[in-house]
1. Given q = 0.10, 0.14 Å⁻¹, what are the Debye log10 I(q)/I(0) values for the chain, with equal point scatterers placed on the Cα positions and solvent ignored?
2. Taking 2.2 N^0.38 Å as the expected size of a compact globular protein, what ratio does the Cα radius of gyration of segment 39-193 give against it, to two decimals?
3. So what's the back-of-envelope 222 nm ellipticity for the chain, counting only DSSP H runs of four-plus at -39500 (n - 2.57) apiece and dividing by all residues, rounded to 500?
4. Checking the table 85/275; 74/326; 74/220; 85/151 against a 27 Å threshold on Cα-Cα, which pairs fail?
5. How much of the calculated P(r) for segment 109-150 lies past 17 Å, in percent of all Cα pairs?
6. Can you give the net charge of the other residues whose Cβ lies under 12 Å from the Cβ of residue 352, counting K and R as +1 and D and E as -1?
7. Given the protein chains as shown and a 1.4 Å probe, how many square angstrom of residue 295 are accessible, to the nearest 10?
8. How large is the accessible surface of residue 257 in square angstrom, using a 1.4 angstrom probe and rounding to the nearest 10?
Amino acid sequence: MERQILAARWVFPVEGPPLERAIVEVEGSRIAAVYQGEHPRAVDLGNTALIPGLVNTHTHLEFSQLESPLGPTKPFAAWIRSIMKSRFTCTVPAGQRIQQGIEESLKAGTTCLGEIATSSESLQLLSADDRKPSAVVFRECLGFTPDRIEKQQQIAADYLQLGTDLELSDAVGLGISPHAPYSVNPDLYLNLVQQARDQGVPAAVHLAETEDELEFLTQKSGPFVDLLAELGLWDPQILRDGMRLYDYLAPLAELTSALAVHGNYFGDAEIEFLKQAPQISVVYCPRTHHYFGHRPHPWLTLISQGINVALGTDSRASNPDLSLWKELQFLREQFPNVSTDLILECGTLAGARALELSDRLGSLTVGKRADLALIRLTDDLVSDTGGAHLLNSRSYVSRVMLNGVWIN
Ligand SMILES: [Zn+2]
């Protein structure tokens, strides 16, 4: 089998420090060697950096046709109204929107997705051939009133069965996503997490996204109550008195892997719990977080406590694009004191860990999938030390390798 021998100015294995003037060897679809130095048959990629393909741990590809994020952003329930309207009035077929999102993701260097889906189309498109990103596709379930419970459980069960019928490759996995505390009946939530546990699949839930959500849980008041009342779904009996985020986090700890998406308002109590629950990863969506004007995200505190923090773009309904690379650049700009290595790890290996794929991808490690992003570095920053300029605002993803094949 012919080896591809690639020489770049920088190589960021992620598992291990950055290597200057280094080589990545690819054999078939796997990484065969990573080392500092030269090779007589190497293809010189010039002033570039090779990094692992990016892992976008949280998307909703069905909104990929949106040209700009939806508003208003406050209260959050008003944005939920906008997204519901967008979903019901959109005339572009779902398959086309999802395909657009897959292509945009790949171009931006994303080779693995945590996708939230409201139909089976994401799963079908992502598993269609090996020119697609790896993915875990979570089926979203929603229903606040008790009469919705049975139907939603059936939807989840049918989806997991479909996964079995499709005979998926090991590049595509299934999951369940009870949407959020304000949209999922507490009993349905527990049942769905139980289903995930019984089937050995991960779950993803939007949690601690807004202050309004905390008010909804603890006081049964605020904009989410107004929204549910407007939809004819509000019944104060549905929520027990004194519910906390803990009631949603604790069941997730029973799974082999779970994503607490956003966690914008996780406080000391939740952090204490998460420290004891390594199966749960927190997914921080930096530009979406910024778009809604939330208070500073606790991601660095979470990481300092040993909690796995992955990154996501969320959808184009709250972000101008689906580029995880731009999320990394945004973090670089917002957090000048945080190391490039840490930011890059959040966007690669931490995402792979969150999706239970870190034995196969997420770093440039011998034996893992040869999923790479080639970053064009800026030519005027030649005095780079330790690759500190990797995430410079002018560097960009110029090529992407998927499973050992350059796809652009
Ligand atoms: Zn989301």
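The values are calculated or read from the model by the stated rules, or taken from the named source; none is laboratory data. Given the structure is predicted, the values throughout are model-derived calculations rather than measurements. As a convention, Cβ positions derive from the backbone with ideal geometry for all residues, glycine included, and neighbour counts pool all protein chains shown. Protein only, heavy atoms only, side chains kept; ligands, DNA and RNA dropped before computing areas. Shrake-Rupley method; radii C 1.70, N 1.55, O 1.52, S 1.80 Å.
1. -0.64, -1.23
2. Compactness ratio reported: 1.22.
3. Per the formula, -9500 deg cm²/dmol.
4. In this structure, 85/275 exceed 27 Å between Cα atoms.
5. The proportion of pairs with Cα distances above 17 Å equals 41 percent.
6. Net local charge, residue 352 excluded: -1.
7. Its heavy atoms expose roughly 120 Å² to the probe.
8. Per-residue accessible area (residue 257): approximately 0 Å².
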